[in-house]
Amino acid sequence: VREAGGNNISSLSATSHKALHRKSMIEKRLLLALDQKHLEVLYQPQFDLSKGKIIGVEALVRWEDEEIGVVSPDELIPIAEETGLINNIGSFVIEKACKQAVEWFKKGLDLKISINLSVHEFRDKNMAKTILNTLSKTGCPAHLIQIEITEKFALEAEAEANIIKQMRLLENEGIVFILDDFGTGYASFRYMQLLPIEILKIDHTFIHSLMMSEKNQKLVNGIVQFGKSMNITVLAEGVETEEQREVLKNYGCDLIQGYLISKPVNVKEIENIVS
Ligand code: C2E
Ligand code: CA
Ligand code: CA
Ligand code: CA
């Protein structure tokens, strides 16, 4: 079959062959990197608009491989989800974050750390247990850890029931859940209804288009008011300009995160920013 535009079979398969090769290369190197703890974590500040200060950070995984070079999370996470290595990344980031939270706590820095976990990671029936074990092993108080969950796909009823059970367990221990990418996910409102969510994170796409039209502003304002009526903290991600910050503050948005405050940075830089 020939495609319009002149792509023939051999050039198409050459492309997919290359993609397959890269994927298996990433898989192989990732195993090694996890084994040797070659992954890193950067932290991006979360800023409280009424307090006027940074109250927490989001942990974001980073990987630069000797052979492949930098592999962005947007490439890494889907491959890790497909191969099951996502659970290893999850454990790595959770442990790193818990240790860091304790270190900051001891230094008198009052910073919560948010960790990204996809609902896929909660398919692991031991997820909640793993997290609670890591908390006690590292001596990390539960209130210092928050979990950002994403909802890229629909879940079967059984998986959904299992996730709710695990989240309730963690919630009882004092862990706060943030619903990430609100508005773009598969079932934002359904998850708001079902899951113990305390913070709603407005997806960056809505923030980027905020100043482009009145319609976009009404949409974001609507999400903020919805959060308020549900007694939920509203966090906007991808805030890059003063103008966006002002508009969000006027709507009553609680927290912002984005390049305006800081890009994701290492531990030292976070300490410099907050002290
Ligand atoms: P996310 O959770 O929505 O994270 C926000 C992404 O937006 C991050 O990209 C961050 O660097 C970027 N960002 C922050 N502020 C701004 C801004 O003002 N403007 C723009 N244009 N971008 C901004 P990053 O670090 O490349 O991560 C991409 C995605 O990968 C994350 O999206 C998250 O879903 C996933 N991810 C990252 N680390 C982990 C992890 O440890 N575990 C899991 N499961 N997923 C992770
Ligand atoms: Ca996130
Ligand atoms: Ca997000
Ligand atoms: Ca995202």
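The values are calculated or read from the model by the stated rules, or taken from the named source; none is laboratory data. This structure is a prediction, so every number in the text was calculated from the model and none was measured. All Cβ positions, even for glycine, are placed from backbone atoms using ideal geometry, and neighbour counts span all protein chains on display. Only protein heavy atoms, including side chains, enter the accessible area calculation; ligands, DNA and RNA are left aside. Shrake-Rupley method; radii C 1.70, N 1.55, O 1.52, S 1.80 Å.
Within the range 243-262, if we keep just the residues that are of a type outside the set (A, V, I, L, M, F, W, C) and within 14 Å of residue 52 (Cβ to Cβ), the residue that is nearest to ligand 3 (Cβ to nearest atom) turns out to be 254.
Once the range 149-194 is narrowed to residues that are in a loop (DSSP other than H, G, I, E, B), small (Gly, Ala, Ser) and within 16 Å of ligand 4 (Cβ to nearest atom), the residue that is surrounded by the fewest Cβ atoms within 10 Å (Cβ to Cβ) is 187. When the residues of the range 198-222 are filtered to those that are touching a helix residue (DSSP H, G or I) at 6+ places or on another chain (Cβ under 7 Å) and of a type in the set (Val, Ile, Thr), which remaining residue is farthest from residue 253 (Cα to Cα)? For the range 198-222, the residue satisfying everything is 207.
The condition of being away from ligand 3 (no atom under 16 Å from the Cβ), modelled with pLDDT of 95 or more and in contact with a strand residue (DSSP E or B) (Cβ under 8 Å, 6 or more places away or on another chain) does not hold for residue 132. In the range 1-58, what residues are at pLDDT 95 or above, open to solvent by less than 90 Å² (accessible area, probe 1.4 Å) and among the small types (Gly, Ala, Ser)? 33, 52, 56 - these are the residues of the range 1-58 that are at pLDDT 95 or above, open to solvent by less than 90 Å² (accessible area, probe 1.4 Å) and among the small types (Gly, Ala, Ser).
One line per residue, one yes/no per condition, for (1) within 16 Å of ligand 2 (Cβ to nearest atom); (2) open to solvent by 20 Å² or more (accessible area, probe 1.4 Å); (3) among the β-branched types (Val, Ile, Thr):
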| position | (1), (2), (3) |
| --- | --- |
| 198 | yes, yes, no |
| 211 | no, yes, no |
| 215 | no, yes, no |
| 222 | no, yes, no |
| 273 | no, yes, yes |
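Screening the candidates 205, 184 for the property of being within 14 Å of ligand 3 (Cβ to nearest atom) and without any contact (Cβ under 8 Å) to a residue 24 or more places away in the chain yields one hit, 184. Go through the range 236-274 and give me each residue that's more than 11 Å from ligand 1 (Cβ to nearest atom), more than 21 Å from residue 41 (Cα to Cα) and among the hydrophobic types (A, V, I, L, M, F, W, C). The answer is 247, 248, 253, 255. Can you find a residue that is more than 22 Å from residue 113 (Cβ to Cβ) and more than 16 Å from ligand 2 (Cβ to nearest atom) anywhere in the range 173-184? Checking the range 173-184: not a single residue is more than 22 Å from residue 113 (Cβ to Cβ) and more than 16 Å from ligand 2 (Cβ to nearest atom). Listed by position, the helices (runs of 4 or more DSSP H) inside the range 208-275 whose residues that are acidic (Asp, Glu) number at least 2 are 242-251, 267-274.
For the range 104-148, the set of residues classified as part of a loop (DSSP other than H, G, I, E, B) and either more than 24 Å from residue 272 (Cβ to Cβ) or not acidic (Asp, Glu) (or both) consists of 107, 108, 109, 111, 124, 125, 126, 139, 140, 141, listed by residue number. Every test in (1) in contact with a strand residue (DSSP E or B) (Cβ under 8 Å, 6 or more places away or on another chain); (2) within 23 Å of residue 227 (Cα to Cα); (3) at pLDDT 95 or above is passed by residue 119 save one, and that test is (3).
The residues of the range 61-93 that are within 10 Å of ligand 1 (Cβ to nearest atom) and among the small types (Gly, Ala, Ser), listed by number, are 72, 80, 90. Taken over the range 59-81, the criterion of being in a loop (DSSP other than H, G, I, E, B) and exposed (fewer than 15 other Cβ atoms within 10 Å of the Cβ) is satisfied by 66, 67, 72.
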